[in-house]
Structure formats: structure tokens, C-alpha cells
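Here's the structure, in C-alpha cells; my notes come after.
The values are calculated or read from the model by the stated rules, or taken from the named source; none is laboratory data. These figures come from a predicted structure and were not determined experimentally. Positions of Cβ are backbone-derived with ideal geometry, glycine not excepted, and every protein chain shown enters the neighbour counts.
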């Protein structure tokens, strides 16, 4: 389940109405934390496994299907075989220009990133239905 903090609701609506590119960076968190509506960015411990780097939160789309506007994001994070490993519990997107994070999600199952074979794919489909 995606969590949008209360402080970011208006900002997120504005971003989704006015642009189809993501508002900042997508990052992974390595602390065993369960986000809720009161979550702030300081609640997350950012990953630091070998090969990790945050990524631009670019969305593609929109595609209009039966009155639903769909935008997609897909990001791949991979370990490079170095000596630092993490267990990843989720991800979040932070704003480059608003000073707050936009959305986050805890993974259904934590993902260990310890060797070059380890990869985590984060998919974010935004489905927005127009309300008459």
C-alpha cells in the first residue's frame, strides 16, 4: 500500500495535475520501519549497499484508458558485488524542491542485497480516475 503523508497531499495533487515527470528522487530504506500518514523523511535510513544510488523519479505516460489516467515508474536497483550488504524494507520518493517526501511503500517481504546477483525492481503505477 502506498502511503502519502498528510503534509504532502496538496503538493502531490499539484504535481500529478501539472507534470508527468517525477518530482525528485526515489530512494530505498534499510530500517525495519512501517510508514503511516505521519511519516517524515527522517524516519528512513537510506540504503548504502555496494552499487546503490538513488534515482530520478521519472514517470512515463499518461495513457488514458476508459477514463483512467495511468502513469508508470519502473526503477531497478542492483548490488555490484562489493562488500556492503543491506536488507531493504521499502522505498520513498523525495521532492527536490518542496522539502518533503511525496510517497513511500514498505515492501511485502524485505529484500536482502548482498551479492552481484541481487536486484530489486520497484514499480509504481499511478492510476488516477477523473471524478465528475
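So, residue 95, is that one surrounded by 13 or more Cβ atoms within 10 Å (Cβ to Cβ), closer than 22 Å to residue 36 by Cβ, modelled with pLDDT under 95 and touching a strand residue (DSSP E or B) at 6+ places or on another chain (Cβ under 7 Å) or not?
On the way: surrounded by 13 or more Cβ atoms within 10 Å (Cβ to Cβ): yes; closer than 22 Å to residue 36 by Cβ: yes; modelled with pLDDT under 95: yes; touching a strand residue (DSSP E or B) at 6+ places or on another chain (Cβ under 7 Å): yes.
Considered against the rule, which asks whether it is surrounded by 13 or more Cβ atoms within 10 Å (Cβ to Cβ), closer than 22 Å to residue 36 by Cβ, modelled with pLDDT under 95 and touching a strand residue (DSSP E or B) at 6+ places or on another chain (Cβ under 7 Å), residue 95 comes out as yes.
Quick one: in the stretch 24-50, of everything that is free of Cβ contacts under 8 Å to residues at least 60 places away in the same chain and either surrounded by 15 or more Cβ atoms within 10 Å (Cβ to Cβ) or touching a helix residue (DSSP H, G or I) at 6+ places or on another chain (Cβ under 6 Å) (or both), which residue is nearest to residue 81 (Cα to Cα)? Checked the stretch 24-50; the qualifying residue nearest to residue 81 (Cα to Cα) is 50. Considering only residues that are modelled with pLDDT of 95 or more and crowded, with 18+ Cβ neighbours inside 10 Å, look in the stretch 55-81 and name the one that is nearest to residue 124 (Cα to Cα). Among those that are modelled with pLDDT of 95 or more and crowded, with 18+ Cβ neighbours inside 10 Å, it is 77.
Checking the condition within 18 Å of the chain's Cα centre (by Cα), at pLDDT 80 or above and over 14 Å from residue 26 (Cβ atoms), which residue from 84, 109 passes?
Answer to the check: 109.
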